[in-house]
There are 2 protein chains.
Amino acid sequence: MNKKQTCTFEWVPDRSSKIPIYRQIIHFISTQIQSGAWEVGSQLPSQRDLAAKLGVNRSTITTVMDELAADGIIESNFKGGTRIISNTWALLLSEMSIWNRYVNLGSFKSNHAMIQAINRLEFTPGILRLGTGELDPTLFPTELWKKSLKSLENIPSLNYLEASGLYQLRCAIVNHVKKFGIIATPDQVLITSGSLQALQLLSVCILSADSVVYTEAPTYLRSLQIFQSAGIRLESIPMDEEGILHHRIPISAKSTKILYTNPTNHNPTGITMSNRRRKALFEYCAVNRIPIVEDGAYEELYFDEQSQLPIKQMDQNGDIIYLGTVSKTLSPGLRIGWVIASEPIINRLGDVKMQMDYGASSVSQWIMTEFLNSGMYELHLERIRAEMKNRRDHAVRVIRQYLGDQVSFRTPAGGFYIWMRFNKKIPLLKLFEEAVKAGVLLNPGDIYDDAPTNALRISYSYLSGRDFEEAVMRLSDIIKKWT
Amino acid sequence: MNKKQTCTFEWVPDRSSKIPIYRQIIHFISTQIQSGAWEVGSQLPSQRDLAAKLGVNRSTITTVMDELAADGIIESNFKGGTRIISNTWALLLSEMSIWNRYVNLGSFKSNHAMIQAINRLEFTPGILRLGTGELDPTLFPTELWKKSLKSLENIPSLNYLEASGLYQLRCAIVNHVKKFGIIATPDQVLITSGSLQALQLLSVCILSADSVVYTEAPTYLRSLQIFQSAGIRLESIPMDEEGILHHRIPISAKSTKILYTNPTNHNPTGITMSNRRRKALFEYCAVNRIPIVEDGAYEELYFDEQSQLPIKQMDQNGDIIYLGTVSKTLSPGLRIGWVIASEPIINRLGDVKMQMDYGASSVSQWIMTEFLNSGMYELHLERIRAEMKNRRDHAVRVIRQYLGDQVSFRTPAGGFYIWMRFNKKIPLLKLFEEAVKAGVLLNPGDIYDDAPTNALRISYSYLSGRDFEEAVMRLSDIIKKWT
């Protein structure tokens, strides 16, 4: 193919047509390329020459070139020349789709490439998911579930609900959270489609592009783009074994800052904030007027006793926004979460929820009401706690056995996760790839932090004991080359 | 109360404290006010005097004043003086809540005041909802519903699903839309939490702050803030009885523009675009490269025969994004909608959905799969079409009888709505208020347009025939004073 070949033509736009001139020119050039008359690699005439030859303004030609370049048909080189880089009609049809240039136009960021890969690979048959933050599907309470369905037989209809969600469910949640010291009225509860929707609502309702969210380092929040997509900055605050180091949170008069914390069975480190630290953090934030969003996703997944109550329980003024969910305890597929906050906040979030998607499915809300009111949820929680405790013990034994001298970790007192740091520097991306080849899916620590972690988030919630052991064995084999 | 009284004090900040100086000053002033030492209405010393007396910088005082003003404690007057305007401790506790200033900070706009009022009033017991865009709850197919629940008894678990939704449901939707000429693969389908979530995803994925959305005038879209909150401009394109006047859509090289259209049983006018107009619109948009979002929410609610197929059915290149939902045909509470588009679009929307809320409830997705695959959905649709046709006939008779010479309207061939214009100018807001007093909830036309409409969106879908007649009778009584 002669790359120096220049495209020639004898054609001018039809000035009597209703089709705009620039559009006619684009159509003409596309057709020339599609038909093969103009080959890939050949040079287009200069913009000046094109304008003169077609009898149009330079600005019209600029519009044409911009559009063809945006569609990936032509490319400008550093010398100012323009070259055809694509010709297949299939390409013109698909990639030149009208939507082509729109796909990434919006403000919402794509997931990290690593997270996209994890989301995709999770559906690989047989892959061992060693970092997945979900309950093992075999722990789904089939018998209780069937019982709960009976409650659906007699529901009157499934029309739109109030902005804050099914009243009966809000009452059931008020009763439920009382068990761990949170006092609220049904008007202070908003049902969301999982906690994720609660975060999404916060990002567009009460935070703005110049807001700062302080949060633990590492944090689950880093693995999402919700806040970042709204232009909100995340700032990492270090943790010790008692939780976030509150005195490291910067004090300033800048008013649009909040603290997002996940104090109990923290994702991904497994740390539970001590009572002493909770009190100090609460006071520090009150004095410095830093509003708190407390994520209680793993609140009730303690293994021995519930020695830490939520920070929200100290809050007399409605200054803490508390997030709850059943995604980690019962089923993420129900898409049921809740926000507990003061009424102005609930009303604002509810109003926006009504405009976005009307929130959670009524079916899910009725089922969850039944689960809570019948005592089935409490019964199920007890089983899950016992099961997770066994799995944690097993996981700790297995990791000590196969990776003992190569890693350091704390034994979590609840939740799903072991934050496993490698004692020697390990190339995490390489490790991820090798593990996938060996049929093991990992959650590298770096997706939860803005600094290198040299750690993995290990989850004992998803795999059976045998599969967990198998996965750790394979991991230990891969690690050998670096240790 | 002596408004000229000036606050005096003998106090200085503690420079050895860890609490920032400005925070100490705010606390001091708040306490003075709370204790009654400084009264509401009294003047604070000038900022200069305060700074000197407290031994701090002017900028520190500015910070203090800004914060107290933001919390509604003080107010500056036009002469530069500062006055205490609030003192109750209750206020300090609730309205001075840490979150107070955050409530409306976010980018997402509040609903129109009118829509907020409608959303609230809908839950008034006994109110007759003459404009509600929902099916009458008594039409909920209780028997079919119970049958569909059987399918839930044996689902394996309810964990997170793939980004695009339950595979079985996507296959069922592919089969279903084939009936009206849309050819798609399961990979070209995304399940959303209602069509509203689809719009929300479009607003943050493929449109940006400088995008323009062309749409019918009037349009349901105006009653939402989804696009406007993302900084996207809506531009109204007039309609005639055949639908949107496509040649009125501006042509420009500006690439970030789309057309949103609801061609079949349009909300709120009830107009169905003619086949001739569909073809012309499709060609106009193809030539001018205006991507189309086609909302098919009322697609299957035709009364006589389905004489118009979706515009999407002409689309060979994946250039049209098609939105479907069961909210208007079966149940809005299921929160099931779908997007049919080319794979790059589906992947992009799915990726963001995973970050926002993971989408629709799995329970709802399994139920809907059963409804579609068993033929129950088709059966239910037939019943709803017959019922709506009867209700439309009845509604037309009732309106003619009670409001005959005072209004003009077209008889819709499907859907839920009659767009009822008053022949004389009526003050719609006043009408809305009087109607509420008379126990009738209206949807004034102006919430669907940026120009005055002098119309109401009347819906025959929600009220029984008797209630509909009662509501129209009351409306006709209220109208009398203006006609």
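So, counting K/R as plus one and D/E as minus one, what does the shell of residues with Cβ under 11 Å around A:Phe416 add up to?
Details: positive: A:Lys328, A:Arg391, A:Arg392, A:Arg457; negative: A:Glu134, A:Asp136.
My count for the surroundings of A:Phe416 gives +2.
Distance between the pseudo-spin-label points of A:Arg248 and B:Asp393 (7 Å out from Cα toward the beta carbon): 7.4 nm.
Scanning residues 5 or more positions from A:Val326 or on other chains, those with amide H under 5 Å from its amide H are A:Ile336, with H placed 1.01 Å from N in the peptide plane. Taking amide H atoms as placed 1.01 Å from N in the peptide plane, the amide H of A:Thr6 lies under 5 Å from those of A:Gln43, each 5 or more residues away in sequence or on another chain.
For the residues of A:7-17, the average number of beta carbons from a partner chain within 10 Å of their own beta carbon is 0. Each of B:Ile340, A:Phe422, B:Leu309 was placed along the dipole of the protein assembly as shown (beta-carbon charges, centred on the mean Cα), and the one lying farthest toward the positive end is A:Phe422.
Other residues within the sphere of radius under 12 Å centred on the Cβ of A:Val436, judged by their own Cβ, net out at +2 (K and R +1, D and E -1).
Think of the protein assembly as shown as having a plus end and a minus end, set by charges on the Cβ of Lys, Arg, Asp and Glu; of A:Asn77, A:Val213, A:Phe432, A:Asn77 sits farthest toward the positive end of this dipole. Compactness ratio for segment A:300-353: Cα radius of gyration over 2.2 N^0.38 Å (N = residue count) comes to 1.36.
Label-point separation (nm) for A:His27 and A:Lys437, each offset 7 Å from Cα along Cα-to-Cβ? Going by the 7 Å Cα→Cβ label model, 5.3 nm. I'd like the antiparallel share, as a percent to the nearest 5, of DSSP beta bridges with both residues in segment A:277-392. Here the antiparallel bridges make up roughly 50 percent for segment A:277-392. Put in order of Cβ neighbour count within 10 Å, fewest first, the listed residues B:Glu67, A:Glu382, A:Glu387, A:Glu305 become A:Glu305, A:Glu382, A:Glu387, B:Glu67.
With an 8 Å cut-off on Cα pairs and a minimum separation of 6 or more residues, tell me the relative contact order of segment B:154-378 in percent. Before the final figure, lay out each step's value.
On the way: 380 pairs, mean separation 62.5, N = 225.
Normalised by residue count, the contact order of segment B:154-378 is 28 percent.
Cβ-Cβ distance of B:Met473 and B:Leu429, R₀ of 22 Å, FRET efficiency by 1/(1 + (r/R0)^6): the value works out to about 0.50.
Filter the DSSP H helices in chain A by two things, a Kyte-Doolittle mean of at least -1.0 and an axial alpha-carbon span of 24 angstrom or more, and list the hits by number. Let's see the in-between values first.
On the way: long enough: A:376-403 (39 Å, -0.88).
Membrane-span-like by this rule: A:376-403.
In terms of the Cα gyration tensor, with a ≥ b ≥ c the square roots of its eigenvalues, is segment A:103-160 rounded because a/c is under 1.5, prolate because a/b exceeds b/c, or oblate? Taking the square roots of the gyration eigenvalues as a ≥ b ≥ c, segment A:103-160 is oblate. Antiparallel beta bridges, as assigned by DSSP with both residues in chain B, represent about 55 percent of the total such bridges.
Positive end of the dipole of chain A (Cβ unit charges, origin at the Cα centre): among A:Val189, A:Cys7, A:Leu259, the Cα lying farthest that way belongs to A:Cys7. Take the Cα radius of gyration of segment A:155-377 and divide it by 2.2 N^0.38 Å, N being the number of residues; the result is 0.97. Counting only other chain Cβ atoms within 10 Å of each residue's Cβ, the peptide B:146-159 averages 5. Take each residue in A:323-334, count the other chain C-beta atoms within 10 Å of its C-beta, and the mean is 3. Divide the volume of the convex hull around the Cα atoms of chain B by the residue count and you get 219 Å³ per residue.
Here's how it looks for B:Ala217: its modeled amide H is under 5 Å from those of B:Ile237, B:Met239, which are all 5 or more places away or on a different chain. Packing-based ranking of A:317-326, B:282-291 yields A:317-326, B:282-291, ordered from highest to lowest mean Cβ neighbour count within 10 Å.
Label-to-label distance, A:Thr62 versus B:Thr6, with points set 7 angstrom from Cα along the beta-carbon direction: 6.1 nm.
I need the calculated FRET efficiency for the pair B:Asp450 and A:Cys171, taking r as the beta carbon distance and R₀ as 30 Å, to the nearest 0.05. Step by step, r from the Cβ atoms, then E = 0.15.
By the scheme Lys and Arg +1, Asp and Glu -1, what is the net charge of all other residues having a beta-carbon under 10 Å from that of B:Tyr214? Surrounding charge for B:Tyr214 is +1.
Of the trypsin sites (Lys or Arg not before Pro) found in segment B:402-483, those in coil by DSSP whose Cβ has at most 15 other Cβ atoms within 10 Å are B:Arg410, B:Lys424, B:Lys425. If you bin all the Cα-Cα distances of segment A:329-483 at 5 Å, starting from zero, the percentages per bin are 1, 8, 14, 16, 13, 11, 11, 11, 8, 5, 2, 0. Rounded is the label for the protein assembly as shown, because a/c, from the alpha-carbon gyration tensor with a ≥ b ≥ c as root eigenvalues, stays below 1.5. Counting only Cβ charges, +1 for Lys and Arg and -1 for Asp and Glu, the dipole size of segment B:154-378 around its Cα centre is about 380 debye.
Bear in mind these aren't lab numbers, they're just calculated from the coordinates by the rules spelled out. A quick note: this is a predicted structure, and the numbers were derived from the prediction, not measured. Note that each Cβ is placed from the backbone with ideal geometry, even for glycine, and that neighbours are counted across all protein chains shown.
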